[in-house]
C-alpha cells in the first residue's frame, strides 16, 4: 500500500532512520553577527507510515554527547551543565503528534522538558539503492527558542547583545530505510 497526502506518496509500514545518511542539525547566531552550525552524529528512530498519512508516527532520538560544531571546546561546552548537561540528560527525543503531509507537529524533549514543535516538511521522494533497498528522503525545518528547554546560558558582549541567540533553527535532512 501507499500512503498519500497531496503530492506525498510513500509505501506504508515501518521505516528506520538511516543514520549514515541523516543529519539532525541546528543553527544559532553567534555574537549576533554570524551563524554557528552543529549537528548530532548519533541519531536513531522509526517512522510508521499509515495508510491514512495523517495517522503516521515519528519517534526519533539523538544522543547529546554526539554533538559536533567543528570546535572541540564549543562541543564540550554544549555537553556541559551550561547547556544540554549530557551526563544527566543523555538524549533528546521527538515524538510526533500529528502530520498533514507538509507540517509535522510533535513533542520535543530536551533536559526532561517537553514542548510542542512544528516542522515544515519537504518530501524528497522514494527510490531504491543499488542493493534493492527502498529509501525515502525528507527535509524538515523548525525555529525554536532554546530557553523553552532550559538552555539559558549566555554572556553579554561589548557593545550590547549576547554571545548566543535564543532563536535556534533546527534543520533535519533524513533518509529512511523501509523495513521488511
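Note on residue 115 and residue 129: the extension gain reaches 1.4 nm, defined as 0.36 nm multiplied by sequence separation minus the Cα-Cα distance.
Given the peptides 42-50, 56-64, 72-80, arrange them by the average over their residues of other C-beta atoms within 10 Å, most packed first. Mind showing how you got there, number by number?
Working: 42-50: 17.6, 56-64: 19.6, 72-80: 14.4.
The most tightly packed comes first, giving 56-64, 42-50, 72-80.
The equivalent ellipsoid of the range 2-178 has semi-axes of 32, 16, 15 Å, largest first, where each one is the square root of 5 times an eigenvalue of the Cα gyration tensor. Report the Cα centroid-to-centroid distance between the range 8-46 and the range 69-97 in angstrom, as an integer. Rounded to whole Å, the Cα centres lie 14 Å apart.
Based on DSSP H runs of at least 4 residues, each adding -39500 (n - 2.57), what is the mean residue ellipticity at 222 nm of the chain after dividing by all its residues, to the nearest 500 deg cm²/dmol?
On the way: 1 runs with 8 residues, N = 180.
About -1000 deg cm²/dmol.
What full-extension length gain, to one decimal in nm, is calculated for residue 97 and residue 21 as 0.36 nm per residue of separation minus the Cα-Cα distance?
On the way: separation 76, 0.36 × 76 = 27.36 nm, distance 2.46 nm.
Extra length from residue 97 to residue 21 when fully extended: 24.9 nm.
Determine the gain in length on full extension of the stretch residue 12-residue 51; use 0.36 nm per residue of separation and subtract their C-alpha separation, reporting nm with one decimal. Show your work: numbers first, answer last.
Values: separation 39, 0.36 × 39 = 14.04 nm, distance 0.60 nm.
Answer, rounded to one decimal: 13.4 nm.
On the beta carbon distance between residue 76 and residue 31, with R0 = 22 Å, the FRET formula returns roughly 0.70.
Coordinate-derived values only; no laboratory data. Keep in mind it's a predicted model, so treat the numbers as computed, not measured. Quick reminder, even Gly has a Cβ in these numbers, built from the backbone with ideal geometry, and neighbours come from all protein chains shown.
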